[in-house]
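The values are calculated or read from the model by the stated rules, or taken from the named source; none is laboratory data. None of the values given here were measured: they were computed from a predicted structure. All Cβ positions, even for glycine, are placed from backbone atoms using ideal geometry, and neighbour counts span all protein chains on display.
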Amino acid sequence: MARSSRAWSENGSPIIVEMTPRISARAQDDLDCIVAYICSRYGTPSADRFLAQARKAVSFLTRNPEAGPHPAWSTRHPTLRFWIISRTNFLIFYFAENGVSIERVLDGRRDVRRIIEEGEEEPQR
């Protein structure tokens, strides 16, 4: 299983090199929609803060791919993991085999089990 690569500095301490995560088209679309919503509702500074928090979460996951727990309901995707984007209601759903592959970014207040397991989105209002 690929993780962050370790190299050693001249003084013998480890250097951690972050791997680049794969982001699915669906996850990118999720992020684009979230940022557009936050920007239209709360303004550009709020959208920028959300993106900064999302980047921190992804950076953490690339260094610690097995940090996120498996959802208790995930039967169709037994290796699926999730991570909360700090100070938000949003969850990153990802796989940690051979690096980090981000599959979805969803508002945790939605029926995420139904969206992930059955592929059913709620109707747009």
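Would you check which residues across region 27-58 are surrounded by fewer than 12 Cβ atoms within 10 Å (Cβ to Cβ) and under 13 Å from Ile92 (Cα atoms) and list them?
Matches in region 27-58: Arg55 only.
Evaluate the following for Ile92: is it closer than 20 Å to Cys33 by Cβ and either surrounded by fewer than 20 Cβ atoms within 10 Å (Cβ to Cβ) or over 14 Å from the mean Cα position of the chain (by Cα) (or both)?
no
Which one is modelled with the lowest pLDDT among residues in region 19-52 that are hydroxyl-bearing (Ser, Thr, Tyr) and assigned to a loop (DSSP other than H, G, I, E, B)?
The residue in question is Thr20.
Does at least one position in region 59-75 carry a residue that is touching a helix residue (DSSP H, G or I) at 6+ places or on another chain (Cβ under 9 Å), farther than 22 Å from Pro21 by Cβ and surrounded by fewer than 19 Cβ atoms within 10 Å (Cβ to Cβ)?
yes
I'm told Leu106 meets every condition in (1) crowded, with 20+ Cβ neighbours inside 10 Å; (2) farther than 15 Å from Ser24 by Cα except one. Can you identify the failing condition by its number?
Here Leu106 meets the rest and fails (2).
Give me a count of the residues in region 76-101 that are under 19 Å from Met19 (Cβ atoms) and either in a loop (DSSP other than H, G, I, E, B) or in contact with a Cys (Cβ under 8 Å, 6 or more places away or on another chain) (or both).
Selection size over region 76-101: 6.
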